[in-house]
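Read through the structure below, which is laid out as structure tokens, and then see the notes.
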Amino acid sequence: MSSTILDPAIAAELPDVLPARKQRGKVAMFAYRHPSIFAGGLLVSLVVASAVFAPLLGTVDPTALAPAKRLRVPSEIYWFGTDMLGRDIYSRVLYGTRVSLQVGVMVALFASVIGMFIGLTSGFIRVLDTVVMRVMDGLMSIPGILLAIALMALTRGSVGNVIIAITITEIPRVARLVRGVVLSLREQPYVEAAVAAGTRVPKIIWKHILPNTLAPITVQATFICASAMITEATLSFIGAGTPPTIPSWGNIMAEGRALWQVKPFIVLFPAMFLSITVLSINLLGDGLRDALDPRMAKKI
Amino acid sequence: MFAYIIRRVIATIPVVAIVALFIFSLLYFAPGDPAAIIAGDQATPADVERIRASLGLDRPFVVRFFEWSWQVVQGNLGVSIFTNLPVSKMIAQRIEPSLSLMLLTLTFAISVAVPLGVLAAWKHGTWIDRLVMMFAVFFFSVPVFVVGYLLAYTFALQLDWFPVQGYTPFSISDPWPWLRNLVLPAAALGGAFVALIARITRATMLEVLSQDYIRTARAKGVSQRPILFMHALKNAAVPIVTIIGIGFAGLIGGAVVTESVFAIPGVGRLVVDAILRRDYPIIQGVVLMLSFTYVLVNLCVDLLYTLFDPRIRY
């Protein structure tokens, strides 16, 4: 199932696939026609690369303590300075990219798959529709961050639990979207024709409905990825997210919180990385929406 | 009209019930046994059992849910594990700063975002339009606490125009200290909200401006400003009001974080402190209250529809 969804991480590689054809004109053409996808994809690729190659990019152990060298300002040795325990912030930020990307991509994937399943069920089995959608309405009525906080309060802080908590808050958005698409597609003449011709429901879903939900879900998944990364950072920042031992952007900022007036760089660098990453994913999402779904692009 | 209002209010009941069920489950499944905590370290298992029975904790889930709901309806949200004070009282003590922050942000965001969106739609395709949209994408992508720190660093630490942190209660005789303390938090919290409203305003305005009646208005010589603000904006009001209602969830969530950044003693700080202490009744009470606020705001939005668009009769 997951291979049919355009994973944001794969989508990020789109511009990189093109040079393989060795036609520079095509790259330029693509960049000209879809500037948001190009710029966003390029930036996302850079972020992904820095997460993957973090050990090779001049980093040291992000959890290594060095109390003698604490709170150094950014310099040639410590590019982003050191925190109050003497840990190298540059290394922590780069390794933090892994946590954030992991949370963003996993939440986008899980929320899309589960939301799609719920949306399809609700759109096809009308008996369930009212109940399922009321439950979704209820979930959506609890502000996302608060629901995630409440769920995190129940469990131990771990990356897996953060992913589950944020996924639960994001599912209703996908479910509603898919249900809307299903309901409008069911009215289409070609679906009515398929029903009249005696096509079984699973085949109708597979042949006619699913392909039409992929474009909006891909776009939605990109935005979910971006918002999940912000939510993770926010949760960690207020102390309800990933455990403090794991270097995530939110945790680095949480640690810099007490000192931000005197040592603003501790908060600044992870904040910059987070903002640029989320910005480029949002750009990519905007571009994909314009390219894949002109109707939706007109509306928003 | 009256039938519509009644129907909308009734339609809210199942949503409220489901929200309540979710949040009740939270405390029900929360780790830690309240009976054991109350009994203390010296208690025997029999003591714990007796306390559990006297508190009614041994009864089935459904029974406890309805009893709890009845207590909530009466305004009883339970007792804090840490301070032993009633949760509703603790929330009441903290409500003013949060309410001030949210109302100020709402006012600020709407009064900035709607003109910006109208401007972008009017200057569609020009650099002004692009600038507004870029601004919108930017504020969508930067978390509220980062905006908060940037603003506090620039305007409080460096320029010293506003206080860095803190809160002064509102007083009618001298509202200036109250406002001075809230300017930066409201600006930080409002950023994403402004972006959201401006985007929808622009999109809806563009759609309305391409309608026949706008062309007619232009043809009979109505000048630009009445067209934008009288003809177009009024017809674009419903989607804008809708997004303000939906965006309120982000505003509530953002307020929780903003209060931490600017050390505002509001409901958000209460819940953040409660997380660190695992004080479940407080978390439950605050989440419940804020969720109900959100449902209520959206009910009001639905009722406002009839005001903006008399055609709406469901």
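The values are calculated or read from the model by the stated rules, or taken from the named source; none is laboratory data. Note that this is a predicted model, so its numbers are computed, not measured. Cβ atoms come from the backbone with ideal geometry, glycine included; neighbour counts cover every protein chain shown. All accessible areas refer to the heavy atoms of the entire protein, side chains included, with ligands and DNA or RNA removed. Shrake-Rupley method; radii C 1.70, N 1.55, O 1.52, S 1.80 Å.
Could you go through region B:105-120 and let me know if any residue there is closer than 28 Å to B:G253 by Cβ, in contact (Cβ under 8 Å) with a residue 12 or more places away in the chain, open to solvent by 20 Å² or more (accessible area, probe 1.4 Å) and within 10 Å of chain A (Cβ to nearest Cβ).
For region B:105-120, residues closer than 28 Å to B:G253 by Cβ, in contact (Cβ under 8 Å) with a residue 12 or more places away in the chain, open to solvent by 20 Å² or more (accessible area, probe 1.4 Å) and within 10 Å of chain A (Cβ to nearest Cβ): absent.
Can you name every residue in region B:134-162 that is within 7 Å of chain A (Cβ to nearest Cβ), among the hydroxyl-bearing types (S, T, Y) and surrounded by fewer than 19 Cβ atoms within 10 Å (Cβ to Cβ)?
Within region B:134-162, just B:Y153 meets the criteria.
Search region B:287-301 for residues being more than 7 Å from chain A (Cβ to nearest Cβ) and open to solvent by less than 20 Å² (accessible area, probe 1.4 Å), and hand back the single one that is farthest from A:I145 (Cα to Cα).
Step one: filter region B:287-301 for residues more than 7 Å from chain A (Cβ to nearest Cβ), giving B:288-289, B:292-293, B:296-301.
Checking which are open to solvent by less than 20 Å² (accessible area, probe 1.4 Å) leaves us with B:288, B:301.
On the way: B:L288: 13, B:V301: 22 Å.
Per the stated criteria, the residue is B:V301.
For region A:119-220, which fully contained helices (runs of 4 or more DSSP H) count at least 3 residues that are crowded, with 20+ Cβ neighbours inside 10 Å?
Here the list reads A:126-140, A:144-154, A:159-186.
For region B:163-200, which positions are within 14 Å of chain A (Cβ to nearest Cβ) and more than 20 Å from the chain's Cα centre (by Cα)?
B:P163, B:V164, B:Q165, B:G166
Anything in region B:242-279 that is touching a Leu at 6+ places or on another chain (Cβ under 7 Å) and open to solvent by 20 Å² or more (accessible area, probe 1.4 Å)? List them, or say none.
Across region B:242-279, the qualifying residue is only B:I243.
Kindly provide the set of residues from region B:269-286 that are under 26 Å from B:Y149 (Cβ atoms), out of contact with any Phe, Trp or Tyr (no Cβ under 9 Å at 6 or more places or on another chain) and at the interface with chain A (Cβ under 9 Å from one of its Cβ atoms), ordered by number.
Residues satisfying the conditions are B:V271, B:V272, B:I275, B:L276, B:I283, B:V286.
Report, ordered by the first and then the second residue, all pairs with beta carbons closer than 8 Å, sequence separation of six or more or different chains, a first member in region A:139-157 that is at the interface with chain B (Cβ under 7 Å from one of its Cβ atoms) and under 15 Å from B:D279 (Cα atoms), and a second member that is of a type outside the set (A, V, I, L, M, F, W, C) and outside any helix (DSSP H, G or I).
Taking only residues 6 or more apart or on different chains, the pairs are A:A153/B:R278; A:L154/B:P31.
Report, by residue number, each residue of region B:240-261 that is within 11 Å of chain A (Cβ to nearest Cβ) and among the hydrophobic types (A, V, I, L, M, F, W, C).
Hits for region B:240-261 are B:I243, B:I246, B:F248, B:A249, B:L251, B:I252, B:A255, B:V256, B:V257, B:V261.
Going by the conditions given, is A:R98 without any contact (Cβ under 8 Å) to a residue 60 or more places away in the chain, more than 14 Å from chain B (Cβ to nearest Cβ) and open to solvent by 20 Å² or more (accessible area, probe 1.4 Å)?
Yes; evaluated as a whole, the condition is true for this residue.
Is it true that some residue in region A:260-272 is open to solvent by 40 Å² or more (accessible area, probe 1.4 Å), over 23 Å from the mean Cα position of the chain (by Cα), in contact (Cβ under 8 Å) with a residue 40 or more places away in the chain and more than 9 Å from every other protein chain (Cβ to nearest Cβ)?
Yes, the conditions are met somewhere in region A:260-272.
When the residues of region A:228-257 are narrowed to those that are hydroxyl-bearing (S, T, Y) and open to solvent by less than 30 Å² (accessible area, probe 1.4 Å), which ends up nearest to the chain's Cα centre (by Cα)?
A:T231
Residues being assigned to a loop (DSSP other than H, G, I, E, B) and either touching a residue at least 24 places away in the same chain (Cβ under 8 Å) or not polar (S, T, N, Q) (or both): count how many of those fall in region B:35-82.
Total meeting the criteria: 14.
Say whether the condition of being more than 14 Å from chain A (Cβ to nearest Cβ), modelled with pLDDT under 75 and open to solvent by less than 50 Å² (accessible area, probe 1.4 Å) is met by at least one residue in region B:59-79.
Within region B:59-79, none of the residues are more than 14 Å from chain A (Cβ to nearest Cβ), modelled with pLDDT under 75 and open to solvent by less than 50 Å² (accessible area, probe 1.4 Å).
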